[in-house]
Amino acid sequence: MNRSRVLVACQLRSYREAIAAAFRVLRPDIEVFEAEEEDLDREVGRLDPDLVVCSQLTARVEARTPNWVELYPRCGSLSVVNVGGERSTIEEIQLSDLLSIVDSTVQTARLCSSGSRAP
């Protein structure tokens with residue numbers, strides 16, 4: 001079975017690296033990729049991730065990724081989350097919230113897996 005893919009493309013490199021490292025340690029069954037914010041759309045096309053965690057949502061992410069987290073848009077305290085088409089907001093999102101979103105994404109991907117993704 002293919003592993004779920006998570007793409008982290010936060011604006012601040014230290015934040016992006018910390019989130020990606022936490023995912024790798026705490027959820028070793030997923031593939032975690034990092035990208036600069038300006039490379040987000042290209043990496044979404046290349047990787048076809050199951051989840052994107054980014055600082056600024058793009059039209060491509062919204063159209064091509066079933067699950068995403070927009071961390072602190074416009075430097076506010078709220079983060080916008082879309083999991084399987086259900087959009088919500090989380091105030092002062094924590095690592096535990098992100099891990100819960102990863103877990104939901106992995107569970108949904110396994111249920112919907114058609115085996116069509118290339119290795």
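The values are calculated or read from the model by the stated rules, or taken from the named source; none is laboratory data. It should be emphasised that the depicted structure is a prediction, and the values quoted were computed from it without experimental measurement. Don't worry about glycine lacking a Cβ; one is built from the backbone with ideal geometry, like all the others, and counts go over all protein chains shown.
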In segment 71-88, the residues that are over 18 Å from Y15 (Cα atoms) and outside any strand (DSSP E or B): G84, G85
Here's a check for you: in segment 89-119, which residue that is at pLDDT 95 or above and among the small types (G, A, S) is farthest from L12 (Cα to Cα)? S100
Among the residues of segment 70-87, are any surrounded by fewer than 16 Cβ atoms within 10 Å (Cβ to Cβ), closer than 23 Å to N2 by Cα and without any contact (Cβ under 8 Å) to a residue 24 or more places away in the chain? yes
D41, sole failed condition from (1) modelled with pLDDT under 95; (2) farther than 20 Å from T108 by Cβ: (1)
Which one of the conditions (1) in a helix (DSSP H, G or I); (2) exposed (fewer than 15 other Cβ atoms within 10 Å of the Cβ) does P28 fail to meet, given that it meets all the rest? (1)
So, in segment 1-25, exactly how many residues are under 19 Å from Y72 (Cα atoms) and assigned to a loop (DSSP other than H, G, I, E, B)? 3
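For E38, indicate whether it is acidic (D, E) and surrounded by fewer than 13 Cβ atoms within 10 Å (Cβ to Cβ).
So E38 fits the description; yes.
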Being touching a Lys or Arg at 6+ places or on another chain (Cβ under 9 Å), part of a helix (DSSP H, G or I), surrounded by 11 or more Cβ atoms within 10 Å (Cβ to Cβ) and in contact (Cβ under 8 Å) with a residue 40 or more places away in the chain narrows it down to one residue among V44, V53, V106; which is it? V106
